[in-house]
Amino acid sequence: MFSNFEADFKASDRCLHIYADKCFHPSKEDPFSKWSTKHPKFASCFDAKPPQPKIPEKDVHYHYYYNNCACSKPPVVPAPPKPAPPPPKPAPPTCFRIFPCYKVIEKYKIVDHEWCPEIKEYKSDKIFQVHGYFPGVAQKPEKEKIMVDIIDLNTIVIHGEAKYHSHCGSFKPISHSCTCTLVVPMPFMVHFKLPEKLDFSNIKVNFEAEVLVVSIAKK
């Protein structure tokens, strides 16, 4: 009965109802063979798989090419932000005071006065010097009234308040060695052009026995 099941089942349009009718009611004269077979088919192992519910497109993930999908690659880790560049180093000062103390100052207008104490410059291959003679200026409060400035790294300015011996001569630099005490405080300002290639990190200032000596080594 079931020896040709596969061929008979295929001839029955793969419907178990039709197949059963043919098996159990093979005679066309059998009234039961004419039963209507308009009924749903039974699912069988020979039939195609029932349609699967459609998955929303957003959940579908296909791999069309080998190793060509974002999920098959390691996640991209963003590079750490580059550290901010260090702030630029401040430019070395070009205007600063070297006596009576060191400090950075603003540039100012240089105006030579009519009178000034006896101040001279000396130059050599290794050093630049300025010597100033300030009679009557020997104590600390009076010394601090005399200032020495470097302007634009090319000019040295000596200014402040010194003592002019009014009864000994006119407004001219003089070498004073008398023992009088009649003096007049006078403001003054004088400047000298600095030579090139000076080592401004090697400056020495000495103010002893009424004599000011400024020394700047050459590179």
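All of the numbers you see were taken from the coordinates with simple rules; none came from a lab. As the structure is a computational prediction, the values presented were derived from the model and not from experiment. Cβ coordinates were reconstructed from backbone atoms using ideal geometry, including for glycine residues, and neighbour counts include every protein chain displayed.
Structural remarks
- Label-point separation in nm, Lys120 to Lys10, each point 7 Å along Cα→Cβ: 13.3 nm
- All-pairs Cα distance distribution in the stretch 96-218, expressed in whole percent, bin size 5 Å: 2, 10, 23, 23, 20, 13, 6, 3, 1
- Working note: Karplus 6.51/-1.76/1.60 with θ = phi - 60° gives the stretch 113-126 the couplings 7, 5, 10, 7, x, 6, 10, 9, 10, 9, 10, 8, 6, 10 Hz, where Gly and Pro are set to x.
- Ordered by the number of other Cβ atoms lying within 10 Å of each residue's own Cβ, fewest first, Lys218, Lys10 fall into the sequence Lys10, Lys218.
- Taking the stretch 96-218 and dividing mean pair separation by its residue count, relative contact order in percent (alpha carbons under 8 Å, at least six apart): 33 percent
- Once backbone amide H atoms are built at 1.01 Å from N, Phe99 has Val148 as its partners under 5 Å, excluding neighbours fewer than 5 places away on the same chain.
- Along its principal axes, the stretch 89-140 has C-alpha extents of 43, 29, 25 angstrom, given from the largest down.
- Amide H to amide H, with H built 1.01 Å from N, Tyr164 comes under 5 Å of Val184, Met186, counting only residues 5 or more places away or on other chains.
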